Amino acid sequence: RISISYYFLLKKFFLKKNLLSKRIFLKKNNLLKIFKESKFFLNFETTWIEGGIKICKECHMMLLLLLGRKNLSFLNLDFNFNLKPSKTLTTKERKK
């Protein structure tokens, strides 16, 4: 069994893409500059309210995907995170 962390994979990706192509060995301080210049680490400013709204939207979408994956399509999730049945549930559906 091989266990590799995401940090290790990310580090190797950036080393392969940036460092090995330039044949320059950089210190850790310069690695942060490479992260800033990449498309994966974007820096932007937002207010707490906008950030909270974005997180709530993402959580809502994640829970909807989870409901679909668990075959619970008979339940509706509203924006207040309340689960409501879309039809009268059978006994099997209630147990599920």
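The values are calculated or read from the model by the stated rules, or taken from the named source; none is laboratory data. If you're wondering where the values come from, they're calculated on a predicted model, not measured in any experiment. For neighbour counting, all protein chains shown are included, and Cβ atoms are generated from backbone atoms with ideal geometry for every residue, glycine included. Each accessible area value is taken on the protein alone, full model and side chains, heavy atoms only, with ligands, DNA and RNA left out. Shrake-Rupley method; radii C 1.70, N 1.55, O 1.52, S 1.80 Å.
Give the number of residues within the range 39-96 that are open to solvent by less than 100 Å² (accessible area, probe 1.4 Å) and under 30 Å from Lys17 (Cβ atoms).
Qualifying residue count for the region: 3.
State which residue pairs qualify: first residue hydrophobic (A, V, I, L, M, F, W, C) and inside the range 21-45, second residue at pLDDT below 55 and open to solvent by less than 80 Å² (accessible area, probe 1.4 Å) in any location, beta carbons under 9 Å apart, and separation of 6 or more residues or different chains.
Going by the 9 Å Cβ cut-off, the qualifying pairs are Ile34/Leu26.
Give me the pairs, please: first residue somewhere in the range 69-93 and modelled with pLDDT of 85 or more, second residue anywhere and of a type in the set (Gly, Ala, Ser), beta-carbon distance under 8 Å, and either six or more positions apart or on two chains.
Close Cβ pairs satisfying both conditions: Leu75/Ser86; Asn76/Ser86.
Output the number of residues of the range 42-94 satisfying the condition of being assigned to a helix (DSSP H, G or I) and of a type in the set (Asp, Glu).
Adding up the residues that qualify gives 3.
Just checking, how many residues over the range 1-38 are at pLDDT 75 or above, hydroxyl-bearing (Ser, Thr, Tyr) and open to solvent by 80 Å² or more (accessible area, probe 1.4 Å)?
The qualifying residues number 2.
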